[in-house]
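Read-outs: derived from the displayed coordinates by stated rules, not from any lab. This structure is a prediction, so every number in the text was calculated from the model and none was measured. Cβ placement follows ideal geometry from the backbone for every residue including glycine, while neighbour counts extend to all protein chains displayed.
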Amino acid sequence: MEKLPNIIILATGGTIAGIAGKTTITVGYTSAAITVETLIEMVPEIETIANISGQQVVQISSQDMNNEIWLDLGKKVNELLSNPDIDGIVITHGTDTMEETAYYLHLVVKSEKPVVLVGAMRPSTAMSADGPNNLYNAVALAGSKNAWRKGVLIVMNDTIHSAREVTKASTFLTDAFQAPGLGALGYIQSNVAHFYKEPTGRHTVNSRFNTEGIDELPKVDIAYGYANVTRVAIDAFVETGSQGVIYAGTGNGSLTDEVMDALIEARSNDVIVVRSTRVGSGLVARNGEADDDMLDFVVSDTLNPQKARVLLLLALTQTTDTKEIQQMFYEY
Ligand code: ASP
């Protein structure tokens with residue numbers, strides 16, 4: 001009989017660990033309530049596909065995820081995966097910022113082994129809770145040879161996504177995770193992972209980012225574009241010490257005159273300016289809606305604003321050269 005893979009489950013909280021008083025409650029429940037031990041006990045089937053051990057890393061709703069926890073989590077994942085006896089890692093996570101944590105790890109993990117993030121849209125006590133099946137799939141995926149060298153993955157609703165492309169696209173549906181325009185990597189069915197695509201950007205062992213020895217990540221913020229937008233948010237970020245501002249522009253990263261003035265001023269104060277988009281799919285074209293070469297701005301390519309923030313804060317640990325940072329946005 002083939003040896004079962006050794007998988008570590010790192011639990012961080014979220015709805016997958018959420019509870020409510022009634023099976024019909026799917027909003028207004030208590031998130032991040034049950035421990036990793038209980039999560040594992042609730043899905044005894046996983047013991048038939050892997051040798052499991054669990055660690056509770058934090059117990060939070062993922063809207064409270066922050067740079068400090070990312071730094072610790074990235075280092076922990078690297079330390080665990082350097083152990084030849086560990087075959088893969090599953091991270092249970094709230095769904096709200098799961099794509100950001102996944103992309104952060106995609107850039108800082110130094111291993112070819114599978115790292116899979118998973119959550120749930122319904123609390124563990126709900127009728128047809130999606131957490132148990134999602135967790136079972138995540139363990140199967142983390143133990144699958146097919147998932148090696150794919151970078152960090154998210155599995156939700158039987159669908160495998162790359163950390164780079166995936167986003168939460170519904171506030172409550174169980175198929176909330178989508179990769180708009182670019183598509184999923186594959187599916188998981190009866191604990192077999194089927195891949196149909198490869199992630200194309202640089203990641204994990206081919207990533208230049210390394211957080212060993214880094215205790216603090218730079219401050220990078222996101223300002224949102226809309227009709228009648230003012231420059232107040234951008235000015236406030238600059239005044240409070242942001243080293244980078246992502247502008248989630250309308251359309252192809254378009255800017256009003258007032259926003260343009262604020263961003264030019266920010267750049268003249270050495271703040272890195274990245275034009276992204278609030279649209280949710282497509283790429284932001286360099287020298288399209290603004291003369292980026294002249295203004296010394298960076299464009300986000302297909303990264304959404306929240307992932308552009310992750311890349312920029314790692315970029316800023318190495319350089320403030322805008323040409324180099326632009327190249328990173330094309331490569332990662
Ligand atoms: N607010 C929750 C969280 O992100 C939602 C979820 O987990 O689905 O932690």
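What is the residue count in the stretch 143-196 for residues that are hydrophobic (A, V, I, L, M, F, W, C), more than 16 Å from the chain's Cα centre (by Cα) and crowded, with 20+ Cβ neighbours inside 10 Å?
So the answer is 3.
I'd like to verify a number: residues in the stretch 197-233 that are aliphatic (A, V, I, L, M) and loosely packed, with under 13 Cβ neighbours inside 10 Å, how many?
Here the count works out to 3.
Considering only residues that are within 16 Å of the ligand (Cβ to nearest atom), under 25 Å from Asn133 (Cβ atoms) and hydrophobic (A, V, I, L, M, F, W, C), which ones fall in the stretch 66-95?
Leu73, Val90, Ile91
I'm told Ala102 meets every condition in (1) among the aliphatic types (A, V, I, L, M); (2) more than 16 Å from the ligand (Cβ to nearest atom); (3) in a helix (DSSP H, G or I) except one. Can you identify the failing condition by its number?
Going through (1) among the aliphatic types (A, V, I, L, M); (2) more than 16 Å from the ligand (Cβ to nearest atom); (3) in a helix (DSSP H, G or I) one by one, Ala102 breaks only (2).
So Arg208 passes all but one of these: (1) in contact (Cβ under 8 Å) with a residue 24 or more places away in the chain; (2) farther than 19 Å from Glu100 by Cα. Which condition number does it fail?
Unmet for Arg208, out of (1) in contact (Cβ under 8 Å) with a residue 24 or more places away in the chain; (2) farther than 19 Å from Glu100 by Cα: (2).
Where in the stretch 106-162 are the strands (runs of 3 or more DSSP E), entirely inside, with at least 1 residues that are within 15 Å of the ligand (Cβ to nearest atom) and β-branched (Val, Ile, Thr)?
115-118, 152-156
What single numbered condition from (1) surrounded by fewer than 24 Cβ atoms within 10 Å (Cβ to Cβ); (2) of a type in the set (A, V, I, L, M, F, W, C); (3) assigned to a helix (DSSP H, G or I) fails to hold for Ile86?
All conditions pass for Ile86, except number (3).
Working only within the stretch 30-65, note down all residues that are within 13 Å of the ligand (Cβ to nearest atom) and within 20 Å of the chain's Cα centre (by Cα).
Ser31, Ala32, Val58, Gln59, Ile60, Ser61, Ser62, Gln63, Asp64, Met65
Between a first residue in the stretch 269-286 that is more than 17 Å from Tyr226 (Cβ to Cβ) and a second residue that is surrounded by fewer than 15 Cβ atoms within 10 Å (Cβ to Cβ) and not β-branched (Val, Ile, Thr), which pairs have beta carbons less than 7 Å apart while being 6 or more apart in sequence or on different chains?
Pairs found: Ser281/Gly181; Gly282/Gly181.
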